[in-house]
Structures are given as C-alpha cells and as structure tokens.
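Below is one structure, written out as structure tokens; the observations come after it.
Where a number appears in this text, it was derived from the coordinates with a stated rule and is not lab data. Please read these numbers as outputs of a predicted model, since none were measured by experiment. Note: ideal-geometry Cβ built from the backbone for every residue, glycine included; neighbour counts use all protein chains shown.
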Amino acid sequence: MSKAIRIFETGGPEVMQWVDVEVGDPGPGEVRVRHEAVGLNYIDVYFRTGLYKQALPGGLGMEGAGVVEAVGDGVRHLSVGDRVAYAGRPTGAYAQVRVMPADIVVRLPDAISFEQGAAMMLQGLTTQYLVRDSYRVQPGDTVLLHAAAGGVGLIASQWLKALGATVIGTAGSDEKAALARAHGCDHTIVYTRESFVDRVREITGGKGVAAVYDSVGKDTFNGSLDCLKPRGTLVVFGNASGPVPPFDLSLLGNKGSLRVTRPTLMTYVVHRELLEPMAAELFEMVTSGRVRIEVRQRYALADVAQAHRDLEGRKTTGTTILLP
C-alpha cells in the first residue's frame, strides 16, 4: 500500500485528500517510479479547480523525480534502478509511488539532484520551448517576461540572458523584482504600482519588444499586445488571472501585424523525438551553470493544501517541491 493525493470533486485546496492507494505492476510501455520529490506548478491548480478537465476521482501533479522500481514490456530506454525525472500527463505525480507511461520519462544526470529534477522539468522544459521554438530568441532581442520571479520566470530570466537578450521582467513587489534582477532581468517593473505598458515603452524608447512571454492571461493580454513592436510575438502560456476572452483577429493587424501563439508543454513531451533533445538542452544549461535551479519552498506532500494556498496567494517565489 502507498499514499497519494486524490480529488473526488473539483474546488479549493480542501478537496485534496491524502489516501491509501494500490500500486500494481507496470503494463506494456509503462514504468513504476518511486518518487524522491514532486514538483508543484500552477497547472495543478487548474486541474484541481476544474478549469482543466479530467475524469474524477483523479490525481494531481505533473512533475516528479525518483527511481525506477519496475519496467513493463516494450520499454527499452529505462531500466530498474535508473534515476529519472519527467513532466507531462497523465496527472498523478502527487504520490509516493506511481505507474505511468514510460514515454515521458527521461534519465536524470547524476550531477542533478532529485529535488532539482522535480523542480525543473515542467518549468525548464517550458522555458526551453518558449525561448527556442514559440519565439526563437536572438542575441540583441529585447523581450518582456511577466511573473519574472515565478518558477518559469527565474529559469527563463537566466536562459534569456544566456542567449544574449535584454530582459524586462514584471513582478508584484520590490522583493520579487530584486529576485528577478538577481536572476538575469536587466529591468524590472512592479506592476502593482506602475503601468508595465508605459514602462516598456520608456525602456525601449517607444520601439516595443520583440516578444512577450505571458503566463498571466486575461489581466495582461491587451497590455502585452501594446508592448510589442511591429511583427512582434505574444506567447501566452498560462492563465493565472483567468483565460483570455475571445478577441477580434483584426486587432493584431491594427497593432502592427502581430503574432499570438498559445503553446502547451503536452504538445512536445508526447513525442520522444522532441522530448529527448529538449531535455538534453535543459540538462546542459543546468550542469554548465548557465541556469541555476534553486528550490525556494519545500512542503510535505501530505501538506499540499497549504502549498496550494501559498501558491495561489502569491506567497511563493521560484520553484517549490513536495516531499513524499
């Protein structure tokens, strides 16, 4: 018998229950992983509240690191005893042990700890596709990064600087702004007291930025468009303030032939031909020291309700892990 978090209905943090679960042997194409650490991400809130749909009762959590306990038929890239990490669906990482598809699991280099692995996979792979595919950042680009002191934000700030970009980051307080600057932001904007649109125009001399990376959604969407230079790209990759409402596509033409994209990590990790090189680049950025993975909060997995309250209350910065 093992322990895991399950939800039987959607709602607030209180719907998460710490229960006994039976964990069987992996079937074809599956592995059984014993977690050493589990990642906490805002997408977990979307599943808990029902913004993102799943069958109930269900699990939560999309990221973890641990050791392979058993391997099902047909799995060739993993063996019992391998140190591994993953990010992706199906949900269920909030568990001591789980059986899961092997296709989204990669070997974790010895130089990266389990805690770092659990803290970096979803946010690090997200950063990789944001800056290398959604909009491929070039040296000399100026970009705007919302929530620069968040989990993706701190990783992206460092990665963007390594690519030679000038990074403007938004944050909700002076303390978070200082943290973002310490991780690579050249300029920070405290959005609670100043207009990020006006400040971006001031910083860029009215030119605007090549790209905006926006995980906030509804509250920042229109302002993000106003920050772009002609033919700029808005990458919306989250909905912390709610989903973006429908809008008239002609708006993009009127504002300068702008581009908008809404990528998700799940599109990438389900294809090993995409996942393998993405993970390899992420691991190289971390082991080379160009991107530091710092676990800033730790909670017992059984106390995940408090972790969710703190995450939604904007009391966390950077990455957070749950310990089984």
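May I ask which residue of P277, I43, N239 lies farthest towards the positive end of the charge dipole of the chain, with charges of +1 (Lys, Arg) and -1 (Asp, Glu) on Cβ and the Cα centre as origin?
N239
Between helix 151-162 and the chain, what is the angle of the helix's C-alpha long axis to the longest principal axis, kept within 0 to 90° and rounded to the nearest 10?
Roughly 60 degrees between the two axes.
Counting only residues 5 or more places away or on other chains, whose amide H sits under 5 Å from the amide H of T170 once H atoms are built in the peptide plane?
L145, H146, A147, A148, I189
If the cut-off is 26 Å between C-alpha atoms, which lysines fall inside it for K207, apart from same-chain ones fewer than 8 positions away?
Partners found: K161, K218, K229, K255.
Determine the principal axes of the Cα atoms in the stretch 123-265, then give the extent along each, sorted from largest to smallest and rounded to whole angstroms.
39, 32, 31
With a cut-off of 8 Å between alpha carbons and a minimum separation of six or more residues, what is the relative contact order of the stretch 123-265 in percent? Spell out each step's value before the answer.
Numbers: 291 pairs, mean separation 29.3, N = 143.
Once normalised by length, the contact order is 20 percent.
For the chain, with a Gaussian network of springs between Cα atoms less than 10 Å apart, report the residue from E63, E36, E202 with the top mean-square fluctuation.
Maximum among the listed residues: E202.
What's the magnitude of the charge dipole for the stretch 225-316 around its Cα centre, counting Lys and Arg as +1 and Asp and Glu as -1 at the beta-carbon? Answer in Debye, nearest 20.
On the way: 13 positive and 10 negative charges, 63 e Å.
It works out to roughly 300 debye.
Would you mind checking the tilt of helix 114-129 against the longest principal axis of the Cα atoms of the chain, expressed as 0 to 90 degrees and rounded to 10?
With rounding to tens, the tilt is 40 degrees.
Might you report the magnitude of the Cβ-based charge dipole of the chain about its Cα centre, with Lys and Arg at +1 and Asp and Glu at -1, to the nearest 20 debye? Before the final figure, lay out each step's value.
Values: 34 positive and 35 negative charges, 158 e Å.
Value, rounded to 20: 760 debye.
So, by mean Cβ neighbours within 10 angstrom, what's the order for 64-73, 300-309 with the highest one leading?
64-73, 300-309
Once every DSSP H run of n ≥ 4 in the chain is given -39500 (n - 2.57) and the sum is divided by its residues, what mean residue ellipticity at 222 nm do you get, rounded to the nearest 500 deg cm²/dmol?
-8500 deg cm²/dmol
Taking the highest mean first, how do the peptides 206-214, 46-54 order by number of other beta carbon atoms within 10 angstrom per residue?
206-214, 46-54
If you take the Cα Rg of the stretch 42-135 and divide it by 2.2 N^0.38 Å, with N the number of residues, what do you get?
Expressed relative to 2.2 N^0.38 Å, the Cα Rg reads 1.14.
Would you give the gap between the C-alpha center of the stretch 302-317 and the C-alpha center of the stretch 21-77, rounded to a whole Å?
The stretch 302-317 and the stretch 21-77 have Cα centres spaced 21 Å from each other.
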